[in-house]
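Encoded as structure tokens, the structure appears first; notes follow it.
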Amino acid sequence: MAIESIVILTGAGVSAESGIRTFRATDGLWEDHKIEDVATPEAFDRNPRLVHSFYNERRKQLLSAEVRPNPAHHALAKLEKEFPGKVLLITQNIDNLHERAGSNNLIHMHGELLNLRCRESGVIYRVEEETQPEDLCQCCGSSGNLRPDIVWFGELPMSMERIYTELEQCDLFISIGTSGNVYPAAGFVEIANDTGALTVELNLEPSKVKSAFHQGFYGPASEVVTEFVADILKQV
Ligand code: BV8
């Protein structure tokens, strides 16, 4: 079957070799808080300072000199550039390593660490420094309205309509560096299977949804993704 449209889903594992800890590596904990308890709208309402500091720490790490795209990010950008058909990259990650590697056709379904959103006006602000609840937003001129532009547990992921449409039209679905714990992302493989696409998992170890994939290749993303992309580009 000639492949014309590729949809890729990435998770924390694709950024692991860039030095960004995955959720499993922290066994889902951050300073003895369960991440699910910090990354929620209720947590933000209850203790905005705690949630701001959770993201301040991750933003600081992301912007540090030692964190940069790894060969897996570069291989995916190369695929988008050199593959003659469509390549859409959907990431669950809130880091900016895919764009820094050169990927353009990219959806951050769980938002972006470097964006803040005003809860009143919806205006998005780019942010690189620390944030706190007192920060004023230019749109309302008041404090307390700014939140990380990130999809928390219990919130609707971004661009779901477009994601479903693209999944229903793809010939190849590749899931990379995700444990298959978090929905709706972990269910994308089933949509791709139903649409007749070839589904492939590239991960350090089999994910929770391994059995839903036609093929699986296991090992560090910097090796496995680079090899898989080279194979696809050899066949075009
Ligand atoms: C929603 C932003 C309704 C925040 C994130 C009970 C059962 C099932 C589902 C639910 C349930 N109760 C509630 C739910 C829904 C819930 C959910 O799934 N909860 C889970 C915990 C059970 N989901 C939601 O709330 C979502 N919203 O459902 O709204 C809806 C549904 C459909 C349509 C419309 C509306 C919103 C979820 C978004 C939450 N926000 N991120 C932040 O980052 O701070 S999720 C966050 O965790 C990440 O974005 C990511 O998605 C997830 C972590 O997953 P992974 O990326 O997979 O990372 P993980 O560490 O788990 O795995 C890393 C993998 O990499 C591992 O497999 C490892 O082996 C591999 N790896 C490691 N090193 C390498 C490697 N691979 C390759 N190379 C390496 N070097």
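The values are calculated or read from the model by the stated rules, or taken from the named source; none is laboratory data. Not measured: the values here are computed from a predicted model. Every residue, glycine among them, receives a Cβ derived from its backbone with ideal geometry; neighbour counts consider all protein chains shown. Ligands, DNA and RNA are stripped out before the accessible areas are found, and what is left, the full protein with its side chains, is counted by its heavy atoms. Shrake-Rupley method; radii C 1.70, N 1.55, O 1.52, S 1.80 Å.
Descriptive notes on the structure:
- Of the criteria (1) of a type outside the set (Lys, Arg); (2) in contact with a helix residue (DSSP H, G or I) (Cβ under 9 Å, 6 or more places away or on another chain); (3) open to solvent by 30 Å² or more (accessible area, probe 1.4 Å); (4) not in a helix (DSSP H, G or I), which one ALA2 fails: (2)
- Only listed residue being part of a strand (DSSP E or B) and within 16 Å of the ligand (Cβ to nearest atom), chosen from LEU76, LEU50, LEU116: LEU116
- Residue, farthest from THR91 (Cα to Cα), within region 5-17, restricted to residues that are within 9 Å of the ligand (Cβ to nearest atom) and open to solvent by less than 70 Å² (accessible area, probe 1.4 Å): ALA16
- Residue under evaluation ASN56, criteria (1) within 14 Å of the ligand (Cβ to nearest atom); (2) in contact with a helix residue (DSSP H, G or I) (Cβ under 6 Å, 6 or more places away or on another chain); (3) not in a loop (DSSP other than H, G, I, E, B), criterion not met: (2)
- Subset of region 29-47 [assigned to a loop (DSSP other than H, G, I, E, B) and either under 15 Å from ALA186 (Cβ atoms) or open to solvent by 40 Å² or more (accessible area, probe 1.4 Å) (or both)]: GLU31, ASP32, ASN47
- Test: ILE94 is among the β-branched types (Val, Ile, Thr), part of a loop (DSSP other than H, G, I, E, B), at pLDDT 95 or above and open to solvent by less than 40 Å² (accessible area, probe 1.4 Å): yes
- Cross-chain or 6+ apart pairs with Cβ under 8 Å, region 196-219 first and within 19 Å of ALA75 (Cβ to Cβ), then open to solvent by 70 Å² or more (accessible area, probe 1.4 Å) and among the hydrophobic types (A, V, I, L, M, F, W, C): LEU198/MET1; VAL200/PHE217; GLU201/PHE217; LEU202/PHE217; TYR218/LEU204; GLY219/LEU204
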